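All remarks here apply to the structure that follows.
Taken together, the values in this text are just the output of simple stated rules run on the coordinates, not laboratory data. Please read these numbers as outputs of a predicted model, since none were measured by experiment. Using ideal geometry, Cβ is built from the backbone for each residue, glycine included, and neighbour counts are taken over all protein chains shown.
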Amino acid sequence: MTNQELKSELSRLYAIAEAGEKGYATAAVNIPDQGLKLLLKSFARQRSVFQEELLAEIHKIDANYQPTSSIPGMVHRGRVAIFAAMTIQIEQRERIILKEAEVGERAAINAYRRALEKDLPLDVRELVEQQANQIARVAGQVKQLVGQEGKRMIVRLFNSETIADRAIEALDQNGIPTQDEEKTPFNKDTDLYAGRGATTFETTLSGAVGGAFWGILIGILASFMTVQMGMPDLFGITSGPLTWLLVTLAVIATGAMVGGLLGFLIGLGIAEDDQYRYQQSAARGQYLVRAIVEEGRVSEVRYIWDEADRRPNEPALGTSA
């Protein structure tokens, strides 16, 4: 493999890592649950580290290389943020966001698999394999968060190890079978993620693109009806095709402006809300608990954990109390 081919391959992986970082950051921004927010931001932080590692390898070949973000990636992140913000039901919002993350992980796994099929230098191959293995583990967790085979992972942030242990014990006391329980300490000094997801510019851009797309469809329909029904042409012009074009362009422009304004307002609101929630999570959270439970008992588990959190100095109460 030539240096140029290696640079191109590493650049593609860098773009995948960047998309993963900003994708998880965008997902976390739009999820109010503190535990899930922290978990997703930890995934974003992981991909940020991947980028640093890949960029270091690229700079060995081209010291002047400067990565750039793709416009389609910006539009996609903005679209996810807008859809999430417009979904009122929290459970449904989480489903939408996590499914998007699942799609992104499949793309990342495929990209790394293709890279490992190439004739990479030994040290680069070791790095790529290491990152691929970590991506596979995260992808497995995302699948569990979405739910598979009748089971689903749920996460919760607790203020202390004692409360976290009590919450886990309460599941057994209430006869709720769990799988792969995990209690992870949250270190505020090293685990905080400073990046963010979709920016206000990206939500504005995505809103404008979406508005323009619908404007095209509506404009074509409206202009077709204008011509077919023999309605008066615009500005006194008697050319049917020109009227068709003017009506279409006007509706597209209107759609883009309305969509862009909506995206801008959503972007502002998301940024402010996420900053507050993330700071609150970091201030109060000490331990992140993960457990895989039967899909039909998710609400029951959440109730038990709510009780453990509300009554930190008492035995955790469950449905059998």
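Among Leu171, Leu122, Leu40, which comes first, second and so on when ranked by fewest other beta-carbon atoms within 10 Å? Mind dumping the intermediate values first?
Working: Leu171 23, Leu122 7, Leu40 29.
If I rank by nearby Cβ atoms, fewest first, I get Leu122, Leu171, Leu40.
Pairs to check: Lys22/Lys60; Lys37/Lys183; Lys143/Lys183; Lys7/Lys41; Lys22/Lys183. Give those whose C-alpha atoms are more than 22 Å from each other in this structure.
Pairs exceeding 22 Å: Lys22/Lys60; Lys7/Lys41; Lys22/Lys183.
With Cβ to Cβ distances under 11 Å as the rule, what net charge do the other residues near Val289 carry (K, R +1; D, E -1)?
Overall, the nearby charge balance is -1.
What's the magnitude of the charge dipole for the stretch 3-149 around its Cα centre, counting Lys and Arg as +1 and Asp and Glu as -1 at the beta-carbon? Answer in Debye, nearest 20.
In total the dipole reaches around 460 debye.
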Quick note on Ile96, Ile292, Ile304, ordering by fewest other C-beta atoms within 10 Å, gives Ile96, Ile292, Ile304
